[in-house]
Each structure stands twice: as C-alpha cells, then as structure tokens.
Amino acid sequence: MAPCTNRTLLLLPILLFCALAAAATIVFPLATSPCDYSLSRSILALTAGVDPYFFSCAGDASEAALSSEDAGADKKASSGGPIVTDLLWCGDPDLPAHALPPFRCCPPMSASEPVNFTFPDPAEPLRTRRPVHKVGAEYMAKYARAVALMKALPEDDPRSFYQQSNIHCAYCTGAYRQVGRPELPVQIHFSWLFFPFHRAYLYFFERIAAKLLGDPGFAMPFWSWDVPEGMRIPAEFADMISNAPLPSLFHGQPYRAGDAEKPGAGTVEIYPHNTMHGWTGDISRPNHEDMGVYYSAGRDPIFYPHHANIDRLWEAWRSIGVARGNRRQVDFTDPDWLDSSFLFYDEDARLVRVTVRDMLHMGRLRYRYAGVGLPWLSARPTATPGVNRGRGKLKSVNFPVNLDDAAVSVEVRRPVALRSRREKEAMEEVLVVEGVETDGAEFVKFDVYVNAVEYKKVGPGGREMAGSFVSLKHPGKEGEVVRTSLRLALNELLEDLNADGDRNITVTLVPVKGKARIGGLRIVYASE
C-alpha cells in the first residue's frame, strides 16, 4: 500500500496544477468576456463570480447565435408570431442626449428560469383602486410610504423603486431586443402592446407595494384626469375613447415578431396619455424628465396613478362597446397579440413571464375600479358653420410633405364602391395619416381637421377636429427618425358634419409643436 500512497501523493501537485489551469482556462475568459460563451448569464455570474448587472449579452451572444442570418434581410418577410422578451436579450438603452443617470435599465438576472404567471387565489381580498381626489390624505400618505419602502430596498433588489422605475426604461428605449432578431428593439409604445404591458406593470408594482406595507388589500390610487373632479379635461379629449370602435383604433396597430417598432398608436395613447406625460414633465430639465420622456417616466411616483387611469379607460372602452351593442369594440383575438409576453419580478422577487392573455380580466387579477362616472361619454361636439368655404381653391399637394410652419389642406377621395359596402357590412371608415416621420429628439404635435380649411375658426372641441398626433421625445440621439402612422375613425364625424354623402373630404393638418414629415393620406374601410 505504501508505494501506491506515495505515488498518489506525488500526483497530487500535478492534479492540483491541472485543476487550477482548467479553472483559469474557463473562469478567466468568462470573467473578461462572458458573452462569448453560450452559458446563461446567471450561470456565468455564479461560475465566474461576475456581477450579472455589469454585463449584457444582448449584442455579442445574440450575434453569435445568429451569425448565419442576414441582418439586412427584409424584416417583413420574416415577421410573424408573438413578441417575446428575455433577460439575455437586454443590453444598453438608447437614451436621448443629456439623459440623467442611471444609464442602464436592464433588470437584475435571476438565478432561475422565469416561472409562468398564475392567477392569484380567488380568496384574496379584491383590491379597489380609488380616484386620488376621493381617497384622502391618509391614503395618499400610505402610497407615499409604499414608494419610500421601495426606495429603501437595495438597488439590486428587483422590488426596489430603482428597479421598478427601470422597467419602463428597458421596454421603451431599445434595451430589450426581439429574441432571435438583435437588430430589432422591443417597443411597447405605439402598438397593440401598450395597454396589456402597462396593466401587467401596475399589477406587479401594486402587489409589491402591498407586501411591503403589510396590507394585502392595498390598491393603487388612480389619477382620474378625465373627470372634472380629478382634473378638468380639455374638450379635445372628449371623444378619444368613445370614438374608437375597432380594437386597432383603441389599442394600436399589430406588432409582431420581426416587425419594425412603432407601427401606430391607439387613440388613448396618442393623445391623452402622451399629453398628460408632457404636462407633468419638468420643463427645466433637458428632456422634460421625469414624466416628459419615456426612459425616465417611471421614476416619478405620479406615473403609476396616471397609468392606473389609462388602465381604467381600457375597461371603460369595453363597457361602452357592450352598452352600444358594438360587437367590433372588443379586444383582439389574434394569437400573436395574446401570446406576446413580458418579464416582471413579483412581490417575492421571483421572475415571472406574463402573457397578454393573462392580463385580460381584472376579476381574475383580483382588482377593480371605484366608479367615478364617464362624463365625456355622451359628448357630441357641434359643427362650426362656414369653416370650409375655401375648399374649392385648394392647390394640389404632392406627398410626402413637410409639416412645420404652415398648415396643409388636401382633398381626399372616398372610394365609392367601398362606401356602399360600408353601409351593408357596418364597416368603419378610417382616415390613415401614413408615413409619419418625426425627429425622435423633439416633442411633436399636430392636429387633424376634417372639412375645416378655416380651422382657426373652430373652437376647442369643435366637431371638425378629428384628432391629434402627439409624440414625446423618443429614445435616441438628435436626428434619429421615428416612423409611425395615425388612424382616426370617421363614421360619426362625417355624420355630424352632414358629409356622409360627399365623394371627397378636406383634411387639414396643422402643426402645433415640432416638425413632422407626412407620407400620405388615404381612407380605408375596416371591420376587424
């Protein structure tokens, strides 16, 4: 036995040296260039001792995995399927010039794979979200305490206010990339993902707040800026919800895997949502932070009550459709919408994958809204006489046109064959402002009037106002172009203007702030 023992002892230094060499071969490259390896980022962090918050694999790992793909290939040719997010595909955000720190917004890595969302126990208390103007100072103090408790958590805790506010940044600045398509960012604004994403965001924020407060029934207050008691709403907002009879007009345009971002926002996002963000931003800051720009909006505690009201309007829109017997005024049933998914940490700091279909029923999510009424529901603005007398003198317009200092008026033909079909099939006539291009570094607003060449005579809330385009500063540097579209319902408007039988309508685009380039105008008929 002695010779064997001595031989073993002699081998020990050699084995130890080999082990150390092997460890150095694995660990040193992992620590210096972790994204060159196909291991998950959480395993890399545990193996190499690297803090997962300090590196991102969205570029290197994605490009390595997709080296055989042509990044310049036609995006539309490969589009289709739900949008999916993955922590491994989160990297550096695309921030505007003079952005305020922090400059990274990806969430912490999880030591385990995300779990699929499950609905809360039906026996849980039903949370009732109440309007800010009714809950009282004591309840608002409780909300302030919840925010303070979040802020007291370590920054690397996914439930901390630091991390919660960064969620919005990650999903709207290009930090997340589409899985399998590193050249395409994930963007939850200006598409059909706007409402379900923000509902999920509030759901987890609210549950984290409740747990930190030790109050299982705590509910987020909502800022009811659409009722006089909450904040007197400008008359222009009056028909933005009730006059969106199709899901694409309310939610926004379809946005599938492989699609370019920002295909087009719905009526609520494009006007009242963006306008309220602009109003509550600090104009003394470079980009009107916090609320006035996407990357930092979640840092302001008012963001969450604001979006609770947006979420309430989703339920209002559904209810209006039922009350009016409009079978088209319902949510999408497209699986690419229903199966799109997002990642959030829950109140127990577990990473959860939640799909759009998980967010469709408030009752199953165990919350509801206290009634504040819908005073704008029956609003039907009146027409302004004598504002379209100049339509016969209009000059021809060749698109695209720049919309900067002067308004542009155009005659738009209504397809005769489709007009008769609209009546038979109860279709919605939709004005499409297509090829809208803006400088992402600018706040941009323009108004759209129908049959009002003399638009200056139209008062606030005049019926000739079809809608507005409002865009906050987008992620990116000055000069980067935002490309999107605007769609506005016409059926009720043309009836009110006694223009339903006209072959053409006059569309006037009026710049209010910033500059835009318009690719064209057309009318389509849709039933969805």
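The values are calculated or read from the model by the stated rules, or taken from the named source; none is laboratory data. What you see is a predicted model; the values in this text were computed from it and never measured. Cβ: placed from backbone, ideal geometry, glycine included. Neighbour counts: every protein chain shown. The accessibility values were calculated without ligands, DNA or RNA, using every heavy atom of the protein model including side chains. Shrake-Rupley method; radii C 1.70, N 1.55, O 1.52, S 1.80 Å.
Counting protein heavy atoms only, the stretch 87-369 has 54 percent of its accessible area on carbon and sulfur, 1.4 angstrom probe.
Residues within the reach of a label modelled at ASP405 (point 7 angstrom out along Cα to beta-carbon, backbone nitrogen below 17 Å), restricted to the stretch 507-521, are 510-517. Between GLU229 and HIS361, the modelled labels are 3.1 nm apart [label points 7 Å from Cα along Cα→Cβ]. With each label modelled as a point 7 angstrom along the Cα→C-beta vector, the ARG327-LYS456 pair spans 4.9 nm. Under the simplified labelling scheme, the VAL115-GLU183 pair shows an inter-label distance of 4.0 nm, with each label point 7 Å from Cα along Cα→Cβ. Over the stretch 287-343, accessible surface divided per residue gives 30 Å², non-protein components excluded, 1.4 Å probe. For the stretch 93-199, the residue among PHE117, LEU193, TYR139 whose Cα projects farthest onto the positive side of the dipole built from Cβ charges is TYR139. Across the accessible surface of the stretch 391-526, with the other protein chains kept in place and a 1.4 Å probe, carbon and sulfur atoms take up 45 percent. Summing +1 for each Lys or Arg and -1 for each Asp or Glu among the other residues whose beta-carbon sits under 12 angstrom from that of GLY298 gives -2. Using the Cβ-Cβ distance between LEU126 and ASP334 with R0 set to 30 Å, the FRET efficiency from 1/(1 + (r/R0)^6) comes to roughly 0.50. Peptides 278-288, 134-144, 507-517, 309-319 ranked from most to least packed by the mean count of surrounding Cβ atoms within 10 Å: 309-319, 507-517, 278-288, 134-144.
In a simple Cβ point-charge model (Lys, Arg +1; Asp, Glu -1; nothing else charged), the stretch 391-526 has a dipole of about 280 debye relative to its Cα centre. Accessible surface computed residue by residue for the stretch 391-526, with neighbouring protein chains in place and a 1.4 Å probe, gives 45 Å² per residue. The residues neighbouring SER319, those whose beta-carbon lies less than 13 Å from its own, together hold a net charge of +2 under the Lys/Arg +1, Asp/Glu -1 convention. Taking 23 Å as the cut-off for C-alpha to C-alpha distance, list the pairs among LYS393/LYS456; LYS262/LYS513; LYS457/LYS513; LYS393/LYS513 that go past it. Going by Cα-Cα distance, LYS393/LYS513 fall outside the 23 Å limit. Extension gain for ASP156-MET140 works out to 3.1 nm (0.36 nm per residue, less the C-alpha to C-alpha distance).
Taking a spot 7 Å from the Cα of ALA260 along the direction of its beta carbon, which residues of the stretch 426-440 have an amide N less than 12 Å from it? Zone members listed by number: 435-438. A simple packing score, the average count of other Cβ atoms within 10 Å per residue, orders the peptides 463-469, 369-375, 450-456 as 463-469, 450-456, 369-375, with the highest score first.
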